[in-house]
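Heads up: the structure comes next, in structure tokens.
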Amino acid sequence: QYITYTYTCSKMSNQQVALLIHAIFQTDKMALTVETFCRVFLRVLVFLPIITFCQVLSDMDQPGGPAPPTIPTLSVTVEHSFDQGRAQTFTHRGTISWKTMRSTSGAYLQTTPLSERDRDRLKALADAGGFYRIRVPNKFGGIGDSTDYVSTLVRADLLYNSCLSDVITLNIDMLGHIIGVAMATVPEGCEGDEVETFDLSFFNTTVEIAQPAPGPVPETQAYIQKLEQERAEKEKGQPQEQRSFFAKYWMYILPIVLFLILSPGQPEGGQGGGGQG
């Protein structure tokens, strides 16, 4: 290729040779550019699956979809009383909370332990054979200023001997109102026979939520089908019941009519002969 360029340049002028050299360099530059582009393109093709795979792994690490909605927590305040007689003074005991209206269990939270005075009052109430009482507002989130409560009681000695281990059951209606509360003690709440008063600081409470059980639902569709079937049978048999008397007994009436039509009458001569004699 160099010999060919030399032979060609020997027969050309200086200006033509300069133009030819410029064209040769431009061609080599273009070839170099195309070669570089091809190399870069091949490298992209090689690394493109790797980049795509890394992107897929990154998307898998991220949580898909929107964040799950937060479930509202329902709560109610529990108050208790250590007094005897009708005059009862209730103080804060703790809080019961549960997640949804369909929950069957809840959580009990007691932020402060029983004071020494309350422990002594419980001990005195148990020795006297009295009753320990609790109450809760009949609406969620109710506090002490509410006047609508549901209450229950349990023997104080049973609660004392169980080391404050009890089960509280809330009965809730379809509207979300608390219509009743029940309380029971756990006999095996204490270890050993002796109960120390200073150990009675926190309640070991289990919370149960009693929801209204749905009653039996009538089979409406089957009942409607039964009514339609009875109506169809009644309409089918209705034309037979509305037939006339002749339509029902024509097979008996027709022979009698034919007999009366075809039977001969009495002769007139018999009547005349009797008159002449």
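The values are calculated or read from the model by the stated rules, or taken from the named source; none is laboratory data. Bear in mind the structure is a predicted one, so any value in this text is a computation, not a measurement. Here the Cβ positions follow ideal geometry from the backbone for every residue, glycine too, while neighbour counts run over all protein chains shown. The protein model used for the area step is the full one, side chains on, heavy atoms only, and it has no ligands, DNA or RNA in it. Shrake-Rupley method; radii C 1.70, N 1.55, O 1.52, S 1.80 Å.
Selection of segment 201-218 for residues being part of a loop (DSSP other than H, G, I, E, B) and at pLDDT 85 or above yields S201, F202, F203.
When each of Y132, Y149 is tested for being farther than 16 Å from V207 by Cα, of a type in the set (F, W, Y) and modelled with pLDDT under 95, the lone residue that passes is Y149.
In segment 190-199, the condition of being open to solvent by 20 Å² or more (accessible area, probe 1.4 Å) and at pLDDT 90 or above is met by no residue.
Say we look at segment 72-117 and pick out the residues that are closer than 19 Å to Y149 by Cβ and among the β-branched types (V, I, T); which of these is surrounded by the fewest Cβ atoms within 10 Å (Cβ to Cβ)? Out of the qualifying residues, it is T89.
From the list Q221, Q238, Q271, which one is modelled with pLDDT of 75 or more and either in a helix (DSSP H, G or I) or out of contact with any Lys or Arg (no Cβ under 8 Å at 6 or more places or on another chain) (or both)? Steps first, answer last, please.
Working: Q238 fails: modelled with pLDDT of 75 or more; Q271 fails: modelled with pLDDT of 75 or more.
On inspection, the qualifying residue turns out to be Q221.
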